[in-house]
Amino acid sequence: MTQKTSIYQKIKTASEAIQSRCTHDPELGRPKIGIILGSGLGALADQVTNPVILPYSEIPYFHGTAVEGHAGKMILGRIAEIPIVFLQGRFHLYEGHPMEDVVFPTRILCSLGIHTLIVTNAAGGINTRFRPADIMFIEDHLNLMGDNPLKGPHLPELGPRFPDLSEAYNKGCLEIIKSTAKNLNIPFQSGVYAGLLGPTYETPAEVRMLRTLGADAVGMSTVPETIAANHCGVKVIGISCITNLAAGLSPHPLSHAEVMEVSKGGSEKMQRLLMSVLPQLTSSKSSL
Ligand code: HPA
């Protein structure tokens, strides 16, 4: 069997296993919107009524996640009548997973039929106007991870060899989410997210370099998932919770505990925003 066939087969096997857990309500197995919950943002899934909860260990080919703040569960259910799928916990490149595994959950969501993926994360603020607990809508990204999830054999069943990323974060969705935030009086920032490998936080010199390159925020995720979803024709919305000022901008050292605490504080804002945005997101199916 070629590698190409085996990735596609794994996606099919995992998707079928997930759908077989939703036979009491098959629409749950065909969600419209996927939401990846970043560090400290897991509580957003609490809004789901009568969820089907699948620990990653029960999904074929999923790996467990061990990072604090990343629970490792798929949650299928409805919010405002819309079938939604949450990933509570993601796989990071810095954990040593190959890119293929990092984007496997994203590809599953695309295969289940979502038309839009909302990717959330915790990030450090590089733009000097940003403050901890700000929300930033991602307008574009810099892939500085030194890797790409589409590296390797072409997978025509999933998408094109050279996907266009000129609207990696869908502009129509960005307009919707910005106007919703304005209507709800939720202040927001918008800007460019730089995705780095991690797991170290940056040095102050790296943060200055990133600012020169045009980054407004920095983190260790999101870029792979965004690329994989674009590859299979799914629209992406990216939202960062700015949990800290990036290295060199703050008088104290960075810590994961601080990131978790601020992010949990910001999740109420994010929850109100998403509840209002979800019913407005509609449209085209994934090509998977
Ligand atoms: N840098 C990288 N990743 C992060 C940061 C940061 O400052 N804060 C939260 N995730």
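Among the numbered conditions (1) without any contact (Cβ under 8 Å) to a residue 40 or more places away in the chain; (2) of a type outside the set (G, A, S); (3) more than 25 Å from I11 (Cα to Cα), the only one that L144 does not meet is (1). Contact map, region 7-25: residues that are in contact (Cβ under 8 Å) with a residue 60 or more places away in the chain and more than 14 Å from L109 (Cα to Cα) paired with residues that are of a type outside the set (S, T, Y) and not in a helix (DSSP H, G or I), Cβ distance under 8 Å, separation 6+ or inter-chain. Pairs shown: I7/L155; I7/L158. Taking first residues from region 98-121 that are under 20 Å from H141 (Cβ atoms) and partners that are among the aliphatic types (A, V, I, L, M) and within 16 Å of the ligand (Cβ to nearest atom), the Cβ contacts under 6 Å between residues at least 6 apart in sequence or on separate chains come to V102/L93; V119/I36; T120/L37; T120/L41; T120/I239.
Let me confirm something: among L249, L245, which residue is surrounded by fewer than 20 Cβ atoms within 10 Å (Cβ to Cβ), modelled with pLDDT of 90 or more and within 14 Å of the ligand (Cβ to nearest atom)? Result of the check over L249, L245: L249. Taking the conditions exactly as written (of a type in the set (V, I, T) and at pLDDT below 90), does T23 satisfy them or not? In short, no.
Of the residues K171, K235, the single one that is modelled with pLDDT of 95 or more, surrounded by fewer than 17 Cβ atoms within 10 Å (Cβ to Cβ) and more than 16 Å from the ligand (Cβ to nearest atom) is K171.
The rows are residues; the columns are (1) in contact with a strand residue (DSSP E or B) (Cβ under 9 Å, 6 or more places away or on another chain); (2) more than 22 Å from I35 (Cβ to Cβ); (3) of a type in the set (A, V, I, L, M).
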| position | (1), (2), (3) |
| --- | --- |
| N127 | yes, yes, no |
| P149 | no, no, no |
| L158 | no, no, yes |
| R161 | no, yes, no |
| E167 | yes, no, no |
| C173 | yes, no, no |
| Y201 | yes, yes, no |
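The values are calculated or read from the model by the stated rules, or taken from the named source; none is laboratory data. Since the model is a prediction, treat every value here as computed from it, not as a measurement. Reconstructed Cβ throughout: ideal geometry from the backbone, glycine too, with neighbour counts over all protein chains shown.
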